[in-house]
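The values are calculated or read from the model by the stated rules, or taken from the named source; none is laboratory data. None of the values given here were measured: they were computed from a predicted structure. Note that each Cβ is placed from the backbone with ideal geometry, even for glycine, and that neighbours are counted across all protein chains shown. Each accessible area value is taken on the protein alone, full model and side chains, heavy atoms only, with ligands, DNA and RNA left out. Shrake-Rupley method; radii C 1.70, N 1.55, O 1.52, S 1.80 Å.
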Amino acid sequence: MEEIFTPQISTLEISYILASVLFILGLKKLSHPDTARNGNLWAAAGMLLAILCTILFHKKEDQNIGNIPWILAALAIGTAIGWIAARKVKMTAMPQMVSMFNGMGGACAALISMMEFPRMQTAIAGHASNMLNGEALAILLGLTIGGVSFAGSMIAFGKLDERIGDIKSPVLRYINLMFLFVLLAFMVFIMFKVPVANENWMIYVLGGLALIYGVTFVMPIGGADMPVVISLLNSFTGVAAACGGFLYHNQAMLTGGILVGSSGTILTILMCKAMNRSLLNVIIGAFGGSSAASIQSGDKTVKEITLSDAAVLLSYSQKVLIVPGYGLAVAQAQHLCHEMDVLLTSKNVEVKYGIHPVAGRMPGHMNVLLAEADVPYEKLLEMEEANNEMQNTDVVIVIGANDVVNPAAEDDPSSPIAGMPVIRVWEAKNVIVMKRSMAKGYAAIDNMLFFHPRTRMLFGDAKASMQKLIAEIKNL
Amino acid sequence: MNEVLKFFLENREAIFIIILSVFLGIEVISHVPSVLHTPLMSGANAIHGVVIIGAIIVMGHAHDILPMVLGFVAVVLGTLNVVGGFVVTDRMLEMFRKKKTKK
């Protein structure tokens with residue numbers, strides 16, 4: 001690449017270097033609670049710089065960026081929608097939103113490839129006997145990965161928003177593998193083709209295949225594993241963006257994309273570790289199904305607890321541990337949780353929260369929700385701390401959590417969640433489980449905890465039950 | 001075989017950046033408390049919105065209707081990714097900070 005020097009080109013490249021540094025520092029700062037917010041702003045500043053300088057200084061074959069009014073209009077529309085959506089979304093719907101935005105990025109990468117392919121092919125038509133070159137590879141990979149990321153994110157969004165159910169079928173696994181194979185084979189086929197100007201059907205077929213694979217890839221994965229999937233798709237989009245960077249010799253896109261690609265992969269692996277499963281197991285081994293039938297629950301009975309009994313039990317305890325799960329998020333009961341916490345604390349009851357790393361729909365989801373309800377940091381115990389204190393705990397209240405407190409993870413080697421670290425709530429003196437019904441959790445397996453001698457159930461919507469419980473405690 | 005070797009020579013700088021960035025990404029992330037996993041994922045999600053630069057470049061050099069329309073859509077989607085991503089992350093982190101000052 002011979003580049004003719006102009007001050008504009010140099011300024012652009014400097015801005016890209018600065019943007020890359022800001023991305024790296026931003027990401028670094030994001031990993032410490034005190035500096036996280038600043039880190040986010042730094043990364044945003046880097047992005048703004050890179051976008052502005054691209055519009056002002058980018059040149060291709062001596063042509064400045066044209067269509068500026070249209071670009072600004074598109075930027076304005078995107079900003080308005082993105083801003084409003086991000087401001088309006090409920091805290092509980094955060095995971096869906098991240099998935100949605102991720103899908104947009106993937107679609108953007110795929111569209112770029114769709115537009116670049118015809119140009120690339122026309123440029124080399126007549127000179128080359130095949131399309132085995134870096135540019136074609138970057139275009140095809142950008143389209144494939146971006147497309148998979150887009151379709152997958154939309155399915156993940158649908159699942160988290162409870163618009164799409166799980167389809168669990170072992171057949172899907174093979175269909176899946178087959179699609180992946182077809183997708184890869186088709187990419188190779190395109191690269192070995194003789195380039196012909198204006199022959200672009202392959203790129204649409206490849207895009208279509210990528211979309212289908214994105215759907216079949218996420219479809220069989222259970223809702224409980226969506227955080228892992230979103231994190232994985234997040235790193236996919238990063239790689240797709242990096243393909244664009246490779247294509248345009250654009251260092252900001254390259255570093256930004258790869259940085260997200262690699263850190264996203266690590267984050268994905270960390271999440272899998274928290275569930276004690278391998279990434280492969282998450283992707284191909286859809287949760288639930290066959291082995292889950294091993295527990296017979298028909299002959300066991302559950303004990304219910306009345307609201308007033310629960311209120312008395314809580315008020316006269318010394319140590320109470322609240323274990324929240326997705327049900328809390330769905331019922332929007334985090335503020336009530338805090339209200340009860342304050343109330344009990346005023347009665348000299350020590351209230352803490354036991355947070356399982358994958359409780360909710362995303363790692364850290366519970367922390368975010370409880371932070372929203374002004375629950376102080378130091379009350380949140382991580383899983384090991386919570387387990388260490390369990391024997392001294394008088395009452396554990398499980399609110400809308402299921403799989404993360406399932407003893408089967410430790411007792412039943414045939415269970416699909418065997419080996420996953422869980423919060424051992426059954427070691428506490430009393431357990432109150434708040435649940436809407438006896439329905440199974442996302443892993444679709446029975447929970448022996450509900451039949452445990454120390455467990456009593458409080459059925460009903462978490463929010464309604466909490467309200468009544470608070471009223472009862474107040475009346476004591 | 002020669003084509004592969006040539007590919008490495010022609011793109012050695014990009015390959016260098018890719019490899020170093022991979023290690024950097026791993027290094028930067030490896031000590032994150034689980035509290036921050038969601039905001040971090042969301043922040044990283046916003047950063048890969050850098051793909052918008054590509055969309056701007058394509059659109060800036062588009063002349064026909066089809067690339068113009070696709071480019072327009074791409075820029076809109078990319079902006080959604082960037083703006084939405086950063087704003088959502090900020091909202092999450094805002095809550096962490098509010099509490100800190102209260103203490």
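Return the value, in Å² to the nearest 100, of accessible area buried between chains B and A (probe 1.4 Å, both sides summed). Don't skip to the end; give the middle numbers.
Numbers: alone 8810 and 23180 Å², together 23590 Å².
That pair of chains buries around 8400 Å² in total.
Using Cα atoms only, what is the angle between the long axis of helix A:170-192 and the major principal axis of chain A, expressed in degrees (0 to 90) to the nearest 10?
20
Return one whole number: the accessible area per residue of the protein assembly as shown in Å², for a 1.4 Å probe. Let's see the in-between values first.
Numbers: 23590 Å² over 579 residues.
Per-residue value: 41 Å².
What residue among A:MET271, A:LEU370, B:LEU66 has its Cα farthest toward the positive end of the dipole of the protein assembly as shown, where the charges are +1 on Lys, Arg and -1 on Asp, Glu, each on the Cβ?
So the residue furthest toward the plus end is A:LEU370.
Using a 1.4 angstrom probe on heavy atoms only, work out the carbon and sulfur share of the accessible area of the range A:178-271 in %. Write down the numbers at each step before the final one.
Values: 2310 of 2830 Å².
Of all accessible area on the range A:178-271, carbon and sulfur atoms account for 82 percent.
Given chain A, what percent of its DSSP beta bridges are antiparallel, to the nearest 5? Working shown, then result.
Numbers: 2 of 25 bridges.
Rounded to the nearest five, the antiparallel share is 10 percent.
Averaged over every viewing direction, what's the projected area of the C-alpha convex hull for chain A? Give it in nm², one decimal, please.
24.6
Given H placed 1.01 Å from N in the peptide plane, which residues other than close sequence neighbours of A:GLY354 have an amide H under 5 Å from its amide H?
A:ILE322, A:VAL323, A:LEU381
For the range A:1-88, build the convex hull from the C-alpha positions and give me its volume per residue in Å³.
Values: hull volume 9.3 nm³, N = 88.
So the per-residue hull volume is 105 Å³.
With N denoting the number of residues in chain B, provide Rg(C-alpha) divided by 2.2 N^0.38 Å, to two decimal places.
Working: Rg = 19.3 Å, N = 103, 2.2 N^0.38 = 12.8 Å.
Relative to the rule-of-thumb radius for its length, chain B sits at 1.51.
In terms of solvent-accessible area of protein heavy atoms at a 1.4 angstrom probe, what is the ranking of A:LEU209, A:LEU56, A:LEU72, B:LEU93, highest value first? If you can, show how the numbers build up before the last one.
Details: A:LEU209 25, A:LEU56 115, A:LEU72 90, B:LEU93 5 Å².
Final ranking, largest accessible area leading: A:LEU56, A:LEU72, A:LEU209, B:LEU93.
Is there a quick way to get the dipole size of the protein assembly as shown? I mean about its Cα centre, with the Cβ of Lys and Arg at +1 and of Asp and Glu at -1; what is the value in debye to the nearest 20?
For the protein assembly as shown, the charge dipole is close to 1220 debye.
Evaluate Rg over Rh across the range A:93-287, taking Cα atoms for both radii and Kirkwood's formula for Rh.
Looking at the range A:93-287, the ratio lands at 1.00.
Out of residues 5 or more away from A:ILE221 or on other chains, whose amide H comes under 5 Å of its own, with H placed 1.01 Å from N in the peptide plane?
The list, which skips near neighbours in sequence, is empty: none.
For helix A:7-30, report the angle its Cα long axis makes with the longest principal axis of the Cα atoms of chain A; keep it between 0 and 90° and round to the nearest 10°.
10
What chymotrypsin sites (Phe, Trp or Tyr not before Pro) in the range A:5-78 are in a loop by DSSP, with at most 15 other Cβ atoms within 10 Å of the Cβ? Please list the in-between numbers first.
Values: sites: A:PHE5, A:TYR16, A:PHE23, A:TRP42, A:PHE57, A:TRP70; in loops: A:PHE5.
Listed in order of number, the matching sites are A:PHE5.
For chain B, list the DSSP H helices whose alpha carbon atoms reach 18 Å or more along the long axis and whose average Kyte-Doolittle value is 0.0 or above? The partial results should precede the final answer.
Numbers: long enough: B:12-29 (26 Å, 2.09); B:65-79 (21 Å, 2.41); B:85-102 (27 Å, -0.66).
Qualifying helices: B:12-29, B:65-79.
Between helix A:201-218 and chain A, what is the angle of the helix's C-alpha long axis to the longest principal axis, kept within 0 to 90° and rounded to the nearest 10?
Taking the Cα atoms of chain A, the angle to A:201-218 is about 10 degrees.
Can you list the trypsin sites (Lys or Arg not before Pro) in the range A:298-337 that are in a DSSP coil and have 13 or fewer other beta carbons within 10 angstrom?
Counting only loop positions with at most 13 other Cβ atoms within 10 Å, the trypsin sites (Lys or Arg not before Pro) in the range A:298-337 are A:LYS300, A:LYS303.
Inside 10 Å of the C-beta atoms of A:240-246, what's the mean count of C-beta atoms belonging to other chains? Before the final figure, lay out the partial values.
Numbers: counts 3, 10, 7, 2, 8, 7, 5.
Mean partner shielding for this stretch: 6.
For the range A:297-475, what number of Lys pairs, 8 or more residues apart or on separate chains, have alpha-carbon atoms under 16 Å from each other?
12
So what's the net charge close to A:SER315: Lys and Arg +1, Asp and Glu -1, counting the other residues with Cβ under 12 Å from its Cβ?
Working: positive: A:LYS347, A:LYS474; negative: A:ASP309, A:ASP394, A:GLU472.
That sum, taken over residues with Cβ under 12 Å, equals -1.
To the nearest 20 Debye, how big is the dipole of chain B about its Cα centre, given +1 on the beta carbon of each Lys and Arg and -1 on that of each Asp and Glu? Show your work: numbers first, answer last.
Numbers: 9 positive and 7 negative charges, 191 e Å.
For this selection, approximately 920 debye.
Find, among the trypsin sites (Lys or Arg not before Pro) in the range A:1-101, those assigned to loop by DSSP (not H, G, I, E, B) with at most 15 other beta-carbon atoms within 10 angstrom.
For trypsin sites (Lys or Arg not before Pro) across the range A:1-101 that sit outside H, G, I, E and B with at most 15 neighbouring Cβ atoms in 10 Å, the list reads A:LYS90.
State the volume of the convex hull built on the alpha-carbon positions of the range A:390-461, expressed per residue in Å³ and rounded to an integer. Numbers along the way, then the final one.
Working: hull volume 5.5 nm³, N = 72.
Dividing the Cα hull volume of the range A:390-461 by its residue count gives 77 Å³.
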